[in-house]
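Here is the structure we will look at, set down as structure tokens.
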């Protein structure tokens, strides 16, 4: 006898129904007129049942046509009354005939009706077995035609698989710190047949791909097994199974996972006062700090009478070493070592001074400490003062003369300690001293950028080398690597260009502006007629709309004279000259990232900036299930994070050779505008071995818009690290973040929503769009060049990835995504149009009658129209408050059209510019682009045709049509003059809402008249 097994595991985030903020839920399962229920869990909104319900299957081959209905109720009044908490309907086509093929699924609870108030989800395992539940036999006979003979070896195979399936998944106890919540942004369901929501098994673990329906359904039509995170969510799986989610045929969960880590901001174990600690958004991590300051009176160990001392700090298996100082008996190291307390393998701290030698290093002396006696340092206390300690010999004896002393400070602290960022960490114990800086956490600031405006007006008395011809002159301007040219002015020795060129410059303005007036002699051949060099620091600054500086004449010099101008200025009685107006515009904001997700909108001038409105605090907690980026080298991943908001960049320390790093570092930014975005990226450090010719690998990044965050609320989530490459979309792991946006100037924040997004100068004197992209690229290059020169460097590939330097490049995938965004917006208009069409065709007579009554009321009392509209908007907004997003937005793979992108589209997106592909591939892509452009051209032609028809109504292009229209307009004007407006509105409305019996399937007279009007399409060649 076949059995259906429904294992009801747990539920989360249920709706309270008992009137006291809680519920006493139980689950009732119905299948083929059989009903069973679980026990009741009193006063629990996150109950755990872990109960197994067994049902008889009458006809196993017909199970795909059956429905399993799971209902969750609140037990009220000791079982005599029950409140509905939600339901799930599961198609039998998704039920596997083996426990080895099933896995834990989380199903969002569905409503019973439109007005039901339901939330939460339920975790279950559903599968079918044959025979006894405790020791059931193989089920191959249900999946094969009757004429086929079952293979006896299936029994042996079943005995092997019975002991292994899903042993990695703990179905009896879920993680107490982290739990799944349904993402409201993905809660829209597709239309279902017979009102049955079909759930399919999702292969998110090591059990393989999704389970297919039985063969009976395959004969009719193959079923598309698409992973839907809004239809079902897999239960908590261990890291080992997540690593297998990247295989073909499987799609990982790209949604957010809400967590509840023990943060001080919630638990208050660092003090409930928020100002008591700056590290209340991360988990506390304890470190043993050893500060080696210096030593004195060290003995000479070599025969030559010299000493090259260094210090070795050893705790268990971890050992930190300072640099050796040559020939110095009183060395100064000033080095801090940090050992993670949770990894300490010994209570003994050994600080040894040694002499660097060619062979074996000589022992000088040592100091021993017991970790039990080490004091605890709690911020914001002042740093612990170091003390002098007598060195001991190997026997532990302190010698009063001839060994020397060492100054040390040893204490227990946390990551909030001021020595944390510059300390040597035990996590990087195998990194050399030269590469240690590349593993430390640092804070960077972008250079302050400005726009430099060069207005090139004219020139006089140019002297070409060939006096017999008039020159074709243009001006070339160069600042650093930025080169711009004016348009040529033909055949004149006194040209007038009157052209503005804009450049990006940065403080401290140590560059020069090079002007060159050139004569175009021939193709690719130019002659320099004069040069001019002006330091950028001599250009006046201009804030806001202050009057432009007056233009000035500058003498042009030959090339050799211009080079010597800085040393000695030669005067001449006659020289060519150029008229320039130069200014540094400090009223603009220099865009170094896309305006769609910009993190800074402040003007360059410090005097024009507004006061901050709040603080953004971000805790970078950890990451999990990362992919091994150095698998070829036998290593895992050496990860670090980079966060960018405004002009402040932060970089966490690098954690070596781990797939589940824990940083627990917290950073703070001042917020000037809530409509900004913070970007956090994760990278694999490839420079810990001293290789300078390699690039750090990208793991993934997260963008969060501040305006979507509630103030003073702590958000803790695992964000998917999605990385897009030529091979497709990959999930490289998950990043655990805690975020809090605090506002201390509410009025200023509210008024920000009514102010322009960019500074005033962008609207008074706007920069053309074709210049903006070029200037943004130059700004990115300046920022990348400046940060790459820091120590440790924030390398160019990191800056370019964080700033999306190639975001403006063409991508067919992005074009599809934008098209679908437009269509999703138009779907709302389509829905309203369909609703009005249903009113007009009386599909729901009661609704049509109510609309008629409302229409007559508004016509009789027109002063109620605007109040009714705004009241309706208020009610809709208030109603939608219940369904507001609970989680911050994140990278959406489905919205980005990244899950099903074609390989050729990906290859085109990641191609270089100009292209490096063979000519046949370029030809194929060009033909494809022509095909797409042809469809766009057709749509544009249709829009132009409709507009030209509207214009031709009164243009007498069709004299008969224009005559008919103006005569009709005269008659209509006379009728409207003598008829009250309310009567006209009632007649027009009733005609529009008339019953389908009075309607015709043919187009109306105005539509026919409009389509007959002429357009200019017949005039095109």
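Computed on the stretch 286-414, with alpha-carbon pairs under 8 angstrom and 6+ residues apart, the relative contact order is 33 percent. For a modelled paramagnetic label at residue 296, 7 Å from Cα along Cα-to-Cβ, the residues of the stretch 311-329 in reach, with backbone nitrogen under 15 Å, are 329.
Alpha carbon centre of the stretch 943-959 versus the stretch 47-70: separation in Å? About 66 Å separates the Cα centre of the stretch 943-959 from the one of the stretch 47-70. With a Förster radius of 25 Å applied to the C-beta separation of residue 478 and residue 770, the computed FRET efficiency comes to 0.80. P(r) tail for the stretch 595-808: Cα pairs beyond 22 Å make up 55% of the total.
If I model the stretch 929-1018 as equal point scatterers sitting on the Cα atoms and use the Debye formula, what is log10 I(q)/I(0) at q = 0.12, 0.19, 0.20, 0.22 Å⁻¹? Rounded to two decimals, the profile gives -0.60, -1.03, -1.06, -1.10. Of all alpha-carbon pairs in the stretch 709-796, indicate the percentage at a distance above 18 angstrom. Every Cα pair in the stretch 709-796 considered, those over 18 Å come to 75 percent.
For residue 913 and residue 435, a Förster radius of 25 Å and the Cβ-Cβ distance give a FRET efficiency of 0.15, rounded to the nearest 0.05. For the pair the stretch 329-344 and the stretch 1-36, the centres of their Cα atoms are 57 angstrom apart. Exposure proxy for 739, 457: other Cβ atoms within 10 Å of each Cβ, ordered fewest to most, give 457, 739.
Using a cutoff of 8 angstrom between alpha carbon atoms and counting only pairs six or more residues apart, the relative contact order for the stretch 948-1021 works out to 55 percent.
With a Förster radius of 35 Å applied to the beta-carbon distance between residue 937 and residue 971, the computed FRET efficiency rounds to 0.30.
Evaluated at q = 0.10, 0.17, 0.19, 0.24 Å⁻¹, a Debye calculation over the C-alpha positions of the stretch 814-929 (equal weights, vacuum) places log10 I(q)/I(0) at -0.63, -1.06, -1.20, -1.36.
Calculated over the stretch 487-528, the projected area of the Cα convex hull averaged across directions stands at 4.3 nm². Neighbour counts of other Cβ atoms within 10 Å put 881, 807 in the fewest-to-most order 881, 807.
If one puts a single equal scatterer on every Cα of the stretch 393-453 and applies the Debye formula without solvent, what log₁₀ I(q)/I(0) results at q = 0.16, 0.24, 0.27 Å⁻¹? Computed log10 I(q)/I(0) values: -0.84, -1.06, -1.17.
The tail of the calculated P(r) for the stretch 653-701, taken as Cα-Cα distances beyond 17 Å, holds 53 percent of the pairs. Under Stokes-Einstein, with the Kirkwood radius over Cα pairs as Rh, the value for the stretch 1-136 at 25 °C and 0.890 mPa s is 159 µm²/s. Cα extents for the stretch 595-647 along the principal axes, largest to smallest and rounded to whole angstrom: 54, 20, 20. Ordering 686, 743 by the number of other Cβ atoms within 10 Å of each residue's own Cβ, fewest first, gives 743, 686.
You can think of it this way: the chain between residue 962 and residue 327 has 218.2 nm of extra reach, that is 0.36 nm per residue less the Cα-Cα gap. Projected over every direction and averaged, the convex hull enclosing the alpha-carbon atoms of the stretch 449-585 yields 8.8 nm².
Spin-label pair residue 1001-residue 596: with each label point 7 Å from Cα along the Cα-Cβ axis, the two points sit 4.4 nm from one another.
Label separation (residue 110 vs residue 260): 2.9 nm, computed from points 7 Å beyond Cα along the C-beta direction. Taking every alpha-carbon pair in the stretch 286-414 and binning the separations at 5 Å intervals from zero gives 2, 11, 21, 23, 19, 13, 7, 3, 1, 0 percent. With Cα atoms defining each centre, the stretch 481-497 and the stretch 851-909 are spaced 52 Å apart in the structure.
Since every read-out is calculated from the coordinates, none of them should be taken as a lab result. Just so you know, these numbers come straight off a predicted model, no measurement behind them. FYI the Cβ positions are ideal-geometry reconstructions off the backbone, even for glycines, and counts take in every protein chain you see.
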